[in-house]
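One structure is given below, encoded as structure tokens.
The values are calculated or read from the model by the stated rules, or taken from the named source; none is laboratory data. Remember, it's a predicted structure, so these values are computed and weren't measured experimentally. Neighbour counts are summed over all protein chains in view; Cβ atoms, including those assigned to glycine, are modelled from backbone coordinates with ideal geometry. Accessible surface areas use protein heavy atoms only, side chains included; no ligands, DNA or RNA. Shrake-Rupley method; radii C 1.70, N 1.55, O 1.52, S 1.80 Å.
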Amino acid sequence: MNTLSPINIHRQPVVLFIAAIFLFLIAGCAPVTPITDNVDASASTPQPVAEAPTAERLPVPTETYNGIPVGFTADGFPFRGDPNAPVMMIEFSDYECPFCARHFVQTEPAINESFVRTGQLLVVFRDFPIEGLHPNAPAAHIASLCVADQGAALYWQMHAKLFQTQTEWGNSLDPLPVFERLAVESGADLDLYTTCMETEQDAKRAFIEEAIAEGQSIGVTGTPSFSFVGMNGDEYLLVGAQPYDRFAAYVESLLAGEAPLGAEQQQQSGGGEAQIPFWATREGWQPDPERPGVNMAGDRYRGNLDAKVVVIEFSDFQCPFCRRHVEQTQPGLDEQFVDTGEVLWIFKHFPLQIHPQAPAAGVAAECAGDQDKFWEMHHLLFANMSAWSISDPTPVFAGFAADLDLDLDAFDACVNDPAIAQRVTSDLNDGAPFVQGTPTFIVLFNDEGRIIPGALPLETFSQALQEILGMVQ
């Protein structure tokens, strides 16, 4: 199965979670562990933190980057800002995560100017590569740490270059030469860097694992995530590449000695229906009168709209395990549960970055769906995966459209419409807080649910659904 687990982190096969976990992530890369607690997409309940800023004044480091003090914590984690700032923000990030890069480009500069440069906020960086989703990320983090051995200012220079060149090395079969070039451009000594990369891999990987474990211990499940620590040591979690105003509100609240507003709302709300995203509600599952076979949330569905059990499938057209499920397991599930009206089945796209043609395949399926042939294209894409897993799959998709007797001019216009690609991206964002690999199935019933990951055999999947149906009220 394609997993999104970070280095040496494993997950349980089936995890029970309650409906309150469906709090939206604004934007973030896929999670790395199954969700077992009520984790707010904007804030968590206060938790004690061992690294709360000390009241004793510490010397400001002598190194600077872009005029901001930079250094390393006692545990070796890089920071920027005054180490005695009243508020600390711990950033858990992945150099290959596009949402992390978006935060770096769009939001971080304003945070630096408003709060870091003024001495009000200390930012500490934690490495959190999601290896299954971003296969080159661990090496990028190790490279940054090898540069860090030569100084804090050099580290932050390398840090910036990794985000700035993400598309270059992220798509490379061998990113190490790119990292070497970036290290030199950052001002690092090449011999020292090369020696580190050759001899310190295990130590750097252990350091990264420590950062991942720390993040998981406070509820971090995706990147970027930000843990804010106020003057009293309470901690609040903010998840996703959110706008600057959201960060400013958190910092300003903590500077005033108050809990961030979002955290207070989460503590008081108790996880009611209003917190569930539209795609996971009965209202969202109702049919769209203008688009046959599509619900009001914009997702394709099959089965009984009044079924008490709903399965939401997150799938990737280029994933061989998804194909295995479609070919070996889904027909039996349809016969036993969908066709009998016991289960409503909903499909959502979740193209992994390791499958570069998967987003385009999702677009092709959506465009066939606009001509009432989604499931037919769905089956063609899985059955002929190797035919279109090429650098330019467009002609193959057009051939499938012809085989389905689609209006080819309309199909061609559709696949070039950015709004259609946004449908696929939207599904990916919807699944990011919960989905760890493809295929993944979220089964909803009795206002709670289960995550069933992987291409399970028919007997196993059928047994799981039978047990759930037995619990339906």
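In table form, for the structure just shown:
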| quantity | calculated |
| --- | --- |
| Helices (runs of 4 or more DSSP H) wholly inside region 205-307 that include at least 3 residues being at pLDDT below 90 and out of contact with any strand residue (DSSP E or B) (no Cβ under 9 Å at 6 or more places or on another chain) | 261-269 |
| All positions within region 72-103 that are basic (Lys, Arg) and under 16 Å from Val116 (Cα atoms) | Arg80 |
| Any hit, region 48-59, residues being at pLDDT below 95 and β-branched (Val, Ile, Thr) | yes |
| Residues (surrounded by 13 or more Cβ atoms within 10 Å (Cβ to Cβ) and under 20 Å from Cys100 (Cα atoms)) located in region 169-182 | Trp169, Gly170, Ser172, Pro175, Val178, Phe179, Leu182 |
| Selection count, region 316-340, where residues are in contact with a strand residue (DSSP E or B) (Cβ under 7 Å, 6 or more places away or on another chain) and not in a helix (DSSP H, G or I) | 2 |
| All positions within region 146-172 that are among the charged types (D, E, K, R), assigned to a helix (DSSP H, G or I) and over 30 Å from Ala248 (Cβ atoms) | Glu168 |
| Test: Ala365 is assigned to a loop (DSSP other than H, G, I, E, B), open to solvent by less than 10 Å² (accessible area, probe 1.4 Å) and either free of Cβ contacts under 8 Å to residues at least 60 places away in the same chain or more than 27 Å from Val396 (Cβ to Cβ) (or both) | no |
| Among the candidates Thr438, Thr425, Thr394, residue that is touching a strand residue (DSSP E or B) at 6+ places or on another chain (Cβ under 6 Å) and polar (S, T, N, Q) | Thr438 |
| Subset of region 422-468 (residues that are open to solvent by 40 Å² or more (accessible area, probe 1.4 Å) and in a helix (DSSP H, G or I)) | Gln422, Arg423, Thr425, Ser426, Leu428, Leu458, Glu459, Thr460, Gln463, Gln466, Glu467 |
| Test for Pro177: is it under 22 Å from Cys196 (Cα atoms), in a helix (DSSP H, G or I) and without any contact (Cβ under 8 Å) to a residue 12 or more places away in the chain | yes |
| Hits in region 384-396 - residues which are closer than 23 Å to Leu428 by Cβ and either in contact with a His (Cβ under 9 Å, 6 or more places away or on another chain) or in a helix (DSSP H, G or I) (or both) | Met385, Trp388, Ser389, Thr394, Val396 |
| Selection count where residues are surrounded by 15 or more Cβ atoms within 10 Å (Cβ to Cβ), within 20 Å of Val424 (Cβ to Cβ) and either of a type outside the set (A, V, I, L, M) or in contact with a Gly (Cβ under 7 Å, 6 or more places away or on another chain) (or both), scope region 279-293 | 4 |
| Near pairs, Cβ below 7 angstrom, 6+ apart or cross-chain, from region 370-396 (touching a residue at least 24 places away in the same chain (Cβ under 8 Å) and farther than 20 Å from Gly293 by Cβ) to any residue that is surrounded by 15 or more Cβ atoms within 10 Å (Cβ to Cβ) and of a type in the set (S, T, N, Q) | Met385/Gln318; Trp388/Gln357; Ser389/Gln318; Ser389/Gln357; Pro393/Gln357 |
| Among the residues listed as Val116, Val147, Val60, the single one being in contact with a helix residue (DSSP H, G or I) (Cβ under 8 Å, 6 or more places away or on another chain) and among the β-branched types (Val, Ile, Thr) | Val147 |
| Unique residue being touching a helix residue (DSSP H, G or I) at 6+ places or on another chain (Cβ under 7 Å), within 22 Å of Val60 (Cβ to Cβ) and among the β-branched types (Val, Ile, Thr) when the list is Ile130, Ile142, Ile111 | Ile111 |
| Count - residues of region 418-459 that are free of Cβ contacts under 8 Å to residues at least 12 places away in the same chain and more than 17 Å from the chain's Cα centre (by Cα) | 3 |
| Top-ranked residue of region 368-396 - restricted to ones that are closer than 16 Å to Gly298 by Cβ and among the acidic types (Asp, Glu), ranked as surrounded by the most Cβ atoms within 10 Å (Cβ to Cβ) | Asp370 |
| Residue satisfying all of: in region 341-362; in a loop (DSSP other than H, G, I, E, B) and open to solvent by 10 Å² or more (accessible area, probe 1.4 Å); nearest to Asp94 (Cα to Cα) among these | Gln353 |
| Qualifying positions in region 397-414 - assigned to a helix (DSSP H, G or I) and buried (at least 19 other Cβ atoms within 10 Å of the Cβ) | Phe397, Phe400, Ala401, Phe411, Cys414 |
| Residue count for region 180-213, restricted to those that are aromatic (Phe, Trp, Tyr) and in contact (Cβ under 8 Å) with a residue 60 or more places away in the chain | 1 |
| Selection within region 194-204 - out of contact with any Phe, Trp or Tyr (no Cβ under 9 Å at 6 or more places or on another chain), surrounded by 15 or more Cβ atoms within 10 Å (Cβ to Cβ) and in a helix (DSSP H, G or I) | Cys196, Lys204 |
